[in-house]
Amino acid sequence: MQTDNTETVAIGTSTLLRRILKTSNLRSFLDQNAASMTVPTFVEYLDRLCSERNMVREHVILRAGIDRGFGHQLFRGSRKPSRDNVLRLAIGFGLDVEETQELLRAARRTRLYPRYKRDAAIIYGLSHHNTIIEIQSSLSEMGMTLLGGERHEHTER
Amino acid sequence: MNTQKDKLAAEYDERRYPPDFLARYEILEGLSVKPECETVYVKDRQSGKFAVAKCYMDKSLLSREDEGRILSSLRHDGLPCFLGEYESDTVLCVVREYVPGVTLAELLEEAPLSEPEAMTVLLQLCDILSYLHSQSPPVIHRDLKPQNIILTDDGKVKLIDFGISRVYDAAAKKDTVFYGTQEFAPPEQYGFSQTDQRTDLFSLGVVMGYILTGQTDLDAAAAAIKNKRLSRIYRKCTDFSPRGRYASAGELKSALLRSDGRRQRAAARTLTVSLLCILFLCAGFAIGRYTDVLSPPPAGVQFIEPLIEQAVRLQLGKSGDELITEEELLSVTELYIFGSEVIAKTEEEMNEISYGLFAENRMSTGSIKSLSDLVMLPNLQCVAVAMQQVDDLTPLASLPQLRVIIVKNNPIEDISPLYGLKRLEKLSLFGILVSDFSQLSSCPRLVDLDAGATLARTPAAFAGLDMLTNLNLYQLTFDTLDGIEQLRRLKFIQLSGVVDGDLSPLLILPELETVLLGESLRDNAEEIKEQAHFTFTYE
């Protein structure tokens, strides 16, 4: 997938940001990273994550605890995921907090805020690479709504 | 593990929110998080229902109270229901119904709407704006844009986000601060003159262009709208000068309806065909007697007090045998009951009928003993339950929206449930069995109090109520007026008697305009008349 000089596999925003800070020549930076700077669709983003992490869809869906049929619809783009389901996919991929925020952004869902109790619990689970079962049970222990417990695919901003 | 969890729990900061808000709702998501205002998606812990709360983190901000006050007084299919308001020392959270669906902005990302689709949305928006603008005073939304327009799953349009709405103040010349979203805001919203309903019509025009062409640039959109009539309507909506625009949403709606005769005829045809289908279907079910299988009877709300039920039915326009749902109760904001017979739609109507009955000596005590039915009406703002058998006001304590309470002529001995009602402006306690009203100073907006025929004997009974402008003490005799000077904002006072006959303390009240006295005080009034800056009248 890679050639010697330019990457065809795009990279995450945080990586990109690190490179901007390090680069000494803006023009060559912009040329080299052109592919990374277009905003990918959510489906493209999921595929990119699969190939970067060498994971297959089936595996991610299983680890996300999402229904198989529904999971494949998400990967195909025939269904748009709710915020909770984006979070489950993040757990399925084993993403850390920053990467999860990027996935949420790609899915055009709101970010995690540590100031809210439920978000804080999810952030804790992500940063400790907990499994979906571990995260769900700690949410349940603390009397909070489980992931997937928000019924609406809502879009209000 | 657990200690780490505890550490994290200490990092999050939900304590800023009002405790009763957190007790009722779980915060699921921050929809829009700004230092001054957070919009959060929440879940009712008990009912499991979803809602949206707008939390003003610093209550002193200008528009903070508008959203709650505006929403709570409105009821329209195209607007979210107001669910409640929670307050701490610094934070105010206004909770409204969550509206499931997609925003117009999201829908348009995929493709512009076809002309008939656009028309359906625009006509509904005209109806919503007509409703808002017909309020007295008119409510101007001021932030009409695709992100605030939601299309529900059943194809209805709802308008959300009243954060910057204002009630149009005809006296104000100019809006001082710019609110709104630039592309959709008209020139006057930048401070040229005060915004009125034509402001919303300008934004609706821009939305129209955006729906049809995906453009917000006025000239580009006008050129891209293919239908010439629609293009003309668009230009008129977005005229630089408010005077060049449509005067009302109704006028715009008529113009839109006229813009395509063929569509109207086609719609009429479709409607006729659908009605016929429904008719045949119903006939079929009736013949097959399947109708009772189709829908189980919906559960209705039960009332304890028949008079309160009657008053609610009058407000909702429901006859005696129709079911009333909990949701419908959300739209009840006023109830007026006086004695055993008078149930009115407005306070004026109630007073007029009662006056007639008193004059003919036909007024009799009503049957209401308990106010607990009122708890089912969380949006109640004005309530009159006069001349009944009520002795317990506790249910009123859970209705923070109340602005007007009339509970005169009831055997009430305790008014402490009214303490702390933040929105209470007018209170009538005539004839109740209470001697001290000073604790009502915990109601910061209370300006009009009727405490006639109560057990108060001196102005000390009203100590601390220095925000009062009207004090009605008909059929009440004070021992002395000493201490009345504390009520320095009084404009009007009615008083039937003063034992020591000295009216001079009234002279100290700087804003006093009218004093209404019992006939027995006429001579005493004559003594100080020359020095008085107000007028005396007599009962």
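The values are calculated or read from the model by the stated rules, or taken from the named source; none is laboratory data. Source: prediction; values computed, not measured. Don't worry about glycine lacking a Cβ; one is built from the backbone with ideal geometry, like all the others, and counts go over all protein chains shown.
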Report task. Taking B:GLN401 as the residue in question, decide whether it is surrounded by 20 or more Cβ atoms within 10 Å (Cβ to Cβ) and touching a Phe, Trp or Tyr at 6+ places or on another chain (Cβ under 9 Å). Result -> yes
Query raised in the report: How many residues are within 24 Å of B:GLY497 (Cβ to Cβ), part of a loop (DSSP other than H, G, I, E, B) and touching a strand residue (DSSP E or B) at 6+ places or on another chain (Cβ under 9 Å) when one looks only at region B:416-453?
Result: 7
Query raised in the report: Out of region A:56-80, which residues are free of Cβ contacts under 8 Å to residues at least 60 places away in the same chain, within 14 Å of the chain's Cα centre (by Cα) and surrounded by fewer than 22 Cβ atoms within 10 Å (Cβ to Cβ)?
Result: A:ARG57, A:ILE61, A:PHE75
Requested in this report: Scan region B:86-129 for residues that are within 14 Å of chain A (Cβ to nearest Cβ), crowded, with 21+ Cβ neighbours inside 10 Å and in a helix (DSSP H, G or I) and jot them down.
Outcome: B:LEU104
Query raised in the report: Just to be sure, is B:THR537 farther than 29 Å from B:CYS443 by Cα and of a type in the set (Ser, Thr, Tyr)?
Result: yes
Query raised in the report: Can you name the residue in region A:25-51 that is of a type in the set (Ser, Thr, Tyr) and at pLDDT 70 or above and, of all such residues, is nearest to B:GLU110 (Cα to Cα)?
Result: A:THR41
Report summary line: Requiring at least 1 residues that are out of contact with any Ser or Thr (no Cβ under 7 Å at 6 or more places or on another chain) and at the interface with chain B (Cβ under 8 Å from one of its Cβ atoms), the helices (runs of 4 or more DSSP H) wholly within region A:62-157 are A:117-127, A:132-141
Query - Residues of region B:312-338 satisfying the condition of being touching a residue at least 60 places away in the same chain (Cβ under 8 Å) and part of a loop (DSSP other than H, G, I, E, B) - result: B:LEU330, B:SER331, B:THR333
Query raised in the report: Taking region B:3-46 on its own, how many of its residues are at pLDDT below 90 and more than 11 Å from chain A (Cβ to nearest Cβ)?
Result: 5
Report task. Return a yes/no flag: does region B:238-249 have any residue that is buried (at least 21 other Cβ atoms within 10 Å of the Cβ), in the same structural domain as B:LEU122 (by TED's automatic domain parsing), part of a loop (DSSP other than H, G, I, E, B) and charged (D, E, K, R). Result -> yes
Query raised in the report: Given the structure, is B:VAL383 more than 18 Å from B:VAL434 (Cβ to Cβ), assigned by TED's automatic domain parsing to the domain that holds B:TYR474 and without any contact (Cβ under 8 Å) to a residue 60 or more places away in the chain?
Result: yes
**Report entry** Scope region B:434-459; condition touching a Ser or Thr at 6+ places or on another chain (Cβ under 9 Å) and of a type outside the set (A, V, I, L, M, F, W, C); matching residues
**Finding:** B:SER435, B:GLN439, B:ASP448, B:ASP450, B:GLY452, B:THR454, B:ARG457, B:THR458, B:PRO459
Report summary line: The number of residues in region B:490-507 that are in contact (Cβ under 8 Å) with a residue 24 or more places away in the chain and within 19 Å of B:HIS533 (Cα to Cα) is 8
Query - Per-region count, region A:98-135, residues among the hydrophobic types (A, V, I, L, M, F, W, C) and either surrounded by fewer than 16 Cβ atoms within 10 Å (Cβ to Cβ) or touching a residue at least 40 places away in the same chain (Cβ under 8 Å) (or both) - result: 6
Report task. Please work out if B:VAL390 is aliphatic (A, V, I, L, M), buried (at least 20 other Cβ atoms within 10 Å of the Cβ) and outside the structural domain of B:LEU74 (by TED's automatic domain parsing). Result -> yes
Report summary line: Reported set for region B:130-155 where residues are of a type in the set (Ser, Thr, Tyr) and assigned to a loop (DSSP other than H, G, I, E, B) is B:SER134, B:SER136, B:THR152
